[in-house]
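Below is one structure, written out as structure tokens, with a few remarks after it.
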Amino acid sequence: MPQASTRFRTDEQVDFVVVGSGAAGGIVAKELATRGLKVVVLEQGPRIEPQQFEHDEFKYFFRSAITNNPALQPQTFAPTPNQDAKRGAGMLLYARLVGGGSVHFTANYWRFHEVDFAEATKLGPISGTGFADWPITYAELEPYYTKAEWELGVSGTPGPFDPPRSRPYPLPPLPVKASGVLFERGAKQLGFHPQPTPLAILSQPYQGRNGCQHCGFCLGFGCEHRAKSSTLYTVIPVAEATGRCEIRPNSYVRAVDVDPRSGRATGVIYFDANKVEQRQRARAVVLCANGAETPRLLLMSQSSRYPQGLANSSGLVGKYLMFNGYCSVGGTFERLLNEWKSVAASRMILDFYEADPARGFYGGGGIDARFPGYPFGFALGGIFGSLGPDAPTWGPAYKQLLRDSFSRTMYLAGHTTSLPLATNAVSLDPTLKDAWGLPALRFTYQDHPDDLAMQRFLQSKSQQILDAAGARRTWLEPVQPSTFSVHLLGTCRMGTDRRTSVIDPTHRTHDVPNLFLCDGSSFVTSGRGQPTCTIQALAYRAGERIADFARRGEI
Amino acid sequence: MRASLLHAVRAAASPAPPPWQVLTPEEAADLDAIAAQIIPTDDLPGAREAGAVQFIDHALATWAADQRPALMGGLRDLNREASRRWPESGRFATLPAERQVSLLQAVEGTPFFQGIRFATVAATFADPSWGGNRAKAGWRILGFEDRFLWQAPFGDYDAEG
């Protein structure tokens, strides 16, 4: 139950406006408010409390109950900038409610490894790409990974390839599923090293929240038990309890307001719940609106002072959009797995995390054993659980296959790197508008051939593992060019050189001293998958830095 | 949502099909026959028993109203093709099963068929509050139990360790 909250007037100059209340925004708000700063968090989505969450697939996946609705916020897509972008041809999907992606994510939680921050130094540049090192190291971020795990509640056991850690996981792993037992059997036979999947889901009671009840509806749904460690019921209530933080939902920011003489941010302009335009004054602004909406907001904030968009002297706002590769191999077994119960994935291998030039392409990744399906999605086929490209899709054989397979199927999912290409980008559509009259998001994306090669490589290993585990039947999901993603990365990259980056290593934009940003857009490289863990570590570090700047008068 | 739920409750309770909101009786019969070929009835209920036509009718009256012209156009084309192939026969619903199946196979790749397949699968397996999946018939086909509360071990392989 949300306590009686602080409310700020829009004409009061608060210390910070934070745009977005998700995986990053919730943490940044809490780090600022607990250090004495007054914060208004503007969230475009509604506030839904855990007891209101539902397990209705149709409502959540096909009626956009808690995600961006293409009917109201359409997007256009083309593979490259010189092709016509078409409405509905692709989608960058994100959670749209207080708590953001941390409410509905699968909660897989992988730290980056040391190599992820310094791989360009290790391997050399990759021509035609923006492949580069981060300006920070794993060692600098490690304390914040640890802080995220302990403060939010993460369950796991380190595996043999894990990066160094200063503390163990706060909670033991979730129980192994049938898919995990079979995966271990097959993986060990082939000499790989299976480990439990780290999950931002409580395996037992922690900080007054219950442990997981194994309902089976993690991906795409909110957790009514509060066992999935969302910012909604962890850091956000802590921020609110300071009396210095207001979460203002149904507030869709359309521009960062700027003083044309000083070039500094003065607050934000947003549409309230009644679509009436409001201005919230603030001494500084932090954008945490996700890797699609943060660059879009900067581009929409163009002015005579900043004609190519705010914080965009580099021309890189929106560019270097990266996903993570995702590929899948299905397998059906003789007896019951019942993978539709409990968390999505309980075992994984990171034997292929490192790039290996001997393979002939760049790429690294992990494989986990999972079941992303729900009854309707599974029967429909597609990303929520296909039965294979040759399977019947209607008729008596289809019904029999559904009946035989639903409780006997698992998938091995490969998660990989994506290379940064300047032509993969978020921009503003020149003609299409959303339901608020704002320019629709346009994106272009074409996978680097190495990204697809890495996916096929992991698929081949996955099929070997399933065969070794004794699968009755296996099938590969065809690796297709990407037109859809929920991992939205790289579009306002971090760097020390203002010509080749948007933010500096403290998340301050190079161009505007009192404008910061922290979310998936900050990434320089994509990592191997499960970016929320790194987004949240960055947010803890950014929140602490930004608060220090504020208290020392350095904003 | 509430209207959908009330509609589903009334539909489940009444012995005879309710009056259709949007569909004519002929359209309803044709859609029922198509749905019954997509997810047939065998020893377990199929799309018909799950209430596919109730789901579709309610959808066309509410959240899918914009899809009505395309759906009705597709149904007209289907019946036109049936008359072309078998001039002596009546509407799709009255055709013998083998002819129904061969006609659907011919239109498998069309947006019309894909749309009806989507609706039939939703009608059978989605949450009953949308008007279908009556008596959780669809979930029984899959072996899914909507308990949302489980404990390890979950299946056979983790039980045996």
Anisotropy class of region A:128-180 from Cα gyration tensor, a/c 1.5 cut
oblate
Using 1/(1 + (r/R0)^6) with R0 = 25 angstrom and r between the beta carbons of A:Gln83 and A:Arg472, what's the FRET efficiency to the nearest 0.05?
0.05
With the Cα gyration tensor of region A:53-149 giving a ≥ b ≥ c as the square roots of its eigenvalues, does the rule (a/c under 1.5 for rounded; else a/b larger than b/c for prolate; else oblate) give rounded, prolate or oblate?
oblate
Are there any helices in chain A, counted as whole DSSP H runs, that stretch 18 Å or more along their axis by Cα and score at least -0.5 on average by Kyte-Doolittle, and if so which?
A:532-551
Output wanted: per-residue J couplings in Hz (rounded whole) for region B:58-73, from phi through Karplus 6.51 cos²θ - 1.76 cosθ + 1.60, θ = phi - 60°, x for Gly and Pro.
5, 4, 5, 7, 10, 6, 10, 4, 5, 9, 4, x, 5, 5, 5, x
As a test of the formula, what do you get for chain A when each DSSP H run with n ≥ 4 contributes -39,500 (n - 2.57) and the sum is divided by the residue count, at 222 nm and rounded to the nearest 500 deg cm²/dmol?
-6000 deg cm²/dmol
Expected integer from the mean partner chain Cβ neighbour count at 10 Å over B:118-125 is 5
Of A:Pro125, A:Leu517, A:Pro357, whose Cα points farthest to the positive end of the dipole of the protein assembly as shown (charges on the beta-carbon: +1 Lys, Arg; -1 Asp, Glu; origin at the Cα centre)?
A:Leu517
Residues whose built amide H sits under 5 Å from the amide H of A:Val524, excluding neighbours closer than 5 in sequence, are A:Met494
Apply 1/(1 + (r/R0)^6) to the Cβ-Cβ distance of A:Lys275 and A:Gln189, taking R0 = 60 Å, and write down the FRET efficiency to the nearest 0.05.
0.50
If you place +1 on the Cβ of every Lys and Arg and -1 on the Cβ of every Asp and Glu, how big does the dipole about the Cα centre of chain A come out, in debye to the nearest 20?
680 debye
Report ³J(HN,Hα) in whole Hz for each residue of region B:85-90, in order, from the Karplus equation J = 6.51 cos²θ - 1.76 cosθ + 1.60 where θ = phi - 60°; Gly and Pro get x.
6, 10, x, 7, 8, x
Using θ = phi - 60° and Karplus 6.51 cos²θ - 1.76 cosθ + 1.60, couplings along region A:352-361 (whole Hz; Gly, Pro as x)
10, 4, 6, 5, 10, x, 4, 5, x, 8
Mind checking which aspartates and glutamates have their C-alpha under 20 Å from A:Lys275, skipping anything on the same chain fewer than 8 residues away?
A:Asp11, A:Glu43, A:Glu246, A:Asp257, A:Glu293, A:Asp434
Which lysines, if any, have their Cα less than 19 Å from the Cα of B:Lys136, not counting same-chain residues under 8 positions apart?
A:Lys59, A:Lys341, A:Lys399
Quick check for me: using +1 on Lys/Arg Cβ and -1 on Asp/Glu Cβ, what's the dipole size of region A:168-322 about its Cα centre, in debye to the nearest 20?
220 debye
What's the ranking of A:414-421, A:250-257, A:12-19, A:514-521 by average number of surrounding C-beta atoms within 10 Å, highest first?
A:514-521, A:414-421, A:12-19, A:250-257
Ellipticity estimate at 222 nm from DSSP helix runs (n ≥ 4, -39,500 (n - 2.57)) divided over chain B, nearest 500:
-17500 deg cm²/dmol
Can you tell me the order of A:216-224, A:302-310, A:492-500 when each peptide is scored by its average per-residue count of other Cβ atoms within 10 angstrom, highest first?
A:216-224, A:492-500, A:302-310
If the cut-off is 13 Å between C-alpha atoms, which aspartates and glutamates fall inside it for A:Lys147, apart from same-chain ones fewer than 8 positions away?
A:Glu31, A:Glu544
Ordering A:149-160, A:80-91, A:164-175, A:538-549 by per-residue average of other C-beta atoms within 10 angstrom, highest first, gives A:538-549, A:149-160, A:164-175, A:80-91
Given a 10 angstrom Cα cut-off, can you work out which residue in B:Val53, B:Val107, B:Val121 is the most mobile in a GNM of chain B?
B:Val107
Under the definition of partner shielding as Cβ atoms of other protein chains within 10 Å of a residue Cβ, what is the mean value for peptide B:36-42?
4
Rounded if a/c is under 1.5, else prolate if a/b beats b/c, else oblate: with a ≥ b ≥ c from the C-alpha gyration tensor eigenvalues square-rooted, which is region A:230-365?
oblate
Looking at chain A, send over the antiparallel percent of its DSSP beta bridges, to the nearest 5.
70 percent
Using the Cα centre as the reference, give the magnitude of the dipole from point charges on the C-beta atoms of region B:3-158 (Lys, Arg: +1; Asp, Glu: -1; all else neutral), rounded to the nearest 20 debye.
400 debye
Cβ-derived FRET efficiency at R0 51 Å, A:Ala358 paired with A:Arg498, nearest 0.05
0.85
Would you rank A:His225, A:His104 by solvent-accessible area, highest first, keeping every protein chain in place and using a 1.4 Å probe?
A:His225, A:His104
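The values are calculated or read from the model by the stated rules, or taken from the named source; none is laboratory data. Being a predicted model, the structure only gives us computed values, none of them experimental. A quick note on method: Cβ atoms are made from the backbone with ideal geometry, for glycine too, and the neighbour counts reach across all protein chains shown. We work out accessible area using only protein heavy atoms, side chains counted, and drop any ligands, DNA or RNA first. Shrake-Rupley method; radii C 1.70, N 1.55, O 1.52, S 1.80 Å.
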